[in-house]
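Some notes on the structure that comes next.
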Amino acid sequence: MSVAVATFAVFAASQVGTPGPANMALLATGARYGFRAALPFVAGVALGKQFVIWPVGFGLMELATRAPWVFETLKWVSAAYILWLAWKVANLRLGPSDAAAKAPGFAAGLIVHPLNPKAWAMIVAGFTGFVSPGTDPVIATATIAAVLLATQLVLHPLWTLAGDRIARTLAGTSAEPYLMYTLAGLTVASVLFVLFGGGT
């Protein structure tokens, strides 16, 4: 009756560190507004995953068998949100924001993971694949939550910093729009794979 912390940490790093809607949003925000201005958004994205972890840990998945339409609805709402996000990324241009523009803040970051199907799939896989049957729900949920938060606090700022550095290199060049189209395409592809390809 335990959580396989070490192997789950490796799994978490592989998931949190790879391209997905949250990381594309962090990359784009860092590119558009700079690393420091994006930090409140980064904090919101990291903490927002807790809004998924704790309900799942305390039995939300039982709802999936009783009312599957709830999760089916969530899937398509999430897909619509990610498509909108990808459209925003595709039309984003790098470099310093103008005086009227302001970086998205902490509250904007909080909603990214609750509407991110990759986050849901990752968390469900964590509970089903790395928690022994009979483990106390509080211990299991707190452990999953702590490992994911620690992983995010390391990797999410790196994606944001990467966006900042890319902007310094490509802003205003002919390669800029192609980069943003590529990021938008990766955002959509990552979600489609999770929704329809069985990935995590």
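The values are calculated or read from the model by the stated rules, or taken from the named source; none is laboratory data. Model, not experiment: these values are computed from the prediction. All Cβ positions, glycine included, derive from the backbone under ideal geometry; neighbour counts span all protein chains shown. Only protein heavy atoms, including side chains, enter the accessible area calculation; ligands, DNA and RNA are left aside. Shrake-Rupley method; radii C 1.70, N 1.55, O 1.52, S 1.80 Å.
Any residue that is part of a helix (DSSP H, G or I) and basic (Lys, Arg) - is there at least one of those in segment 94-105?
The answer is no; no qualifying residue exists.
Quick one: which of Leu158, Leu186 is under 14 Å from Ala22 (Cβ atoms) and touching a Pro at 6+ places or on another chain (Cβ under 7 Å)?
Criteria check complete, one pass: Leu186.
Which of the following residues is out of contact with any helix residue (DSSP H, G or I) (no Cβ under 7 Å at 6 or more places or on another chain) and either modelled with pLDDT of 80 or more or β-branched (Val, Ile, Thr) (or both): Thr128, Thr160, Thr143?
Answer to the selection: Thr128.
If a residue has to be among the small types (Gly, Ala, Ser) and farther than 16 Å from Ala162 by Cα to count, how many in segment 1-42 make the cut?
Of the residues in that region, 7 qualify.
Could you grab the pairs with beta carbons closer than 6 Å, sequence gap of 6+ or different chains, first residue in segment 125-143 and closer than 15 Å to Ala9 by Cβ, second one surrounded by fewer than 16 Cβ atoms within 10 Å (Cβ to Cβ)?
Filtered contacts from segment 125-143: Phe130/Ala4.
Mind checking which residues of segment 108-119 are at pLDDT 85 or above and either assigned to a helix (DSSP H, G or I) or within 13 Å of Asn23 (Cβ to Cβ) (or both)?
Result: Ala108, Gly109, Leu110, Val112, His113, Ala119.
For the list (1) more than 13 Å from the chain's Cα centre (by Cα); (2) modelled with pLDDT of 70 or more, I need the number of the one condition that Phe41 fails.
Status for Phe41: all satisfied but (1).
From the residues in segment 128-161 that are within 13 Å of Ile53 (Cα to Cα) and open to solvent by less than 40 Å² (accessible area, probe 1.4 Å), which one is nearest to the chain's Cα centre (by Cα)?
Leu148
Could you run through segment 12-36 and say how many residues are buried (at least 20 other Cβ atoms within 10 Å of the Cβ) and either in contact with a Phe, Trp or Tyr (Cβ under 8 Å, 6 or more places away or on another chain) or among the aliphatic types (A, V, I, L, M) (or both)?
The number of residues fulfilling the criteria is 12.
For Val188, state whether it is under 17 Å from Ala25 (Cα atoms), among the β-branched types (Val, Ile, Thr) and modelled with pLDDT of 85 or more.
Values: under 17 Å from Ala25 (Cα atoms): yes; among the β-branched types (Val, Ile, Thr): yes; modelled with pLDDT of 85 or more: no.
Judged against the criteria, Val188 is not a match.
Yes/no per residue for (1) farther than 27 Å from Gly134 by Cα; (2) polar (S, T, N, Q); (3) at pLDDT below 75; (4) not in a helix (DSSP H, G or I):
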residue: Phe8; (1), (2), (3), (4): no, no, no, no
residue: Ala25; (1), (2), (3), (4): yes, no, no, no
residue: Gly30; (1), (2), (3), (4): yes, no, no, no
residue: Thr65; (1), (2), (3), (4): no, yes, yes, no
residue: Val70; (1), (2), (3), (4): no, no, yes, no
residue: Lys75; (1), (2), (3), (4): yes, no, yes, no
residue: Trp84; (1), (2), (3), (4): yes, no, no, no
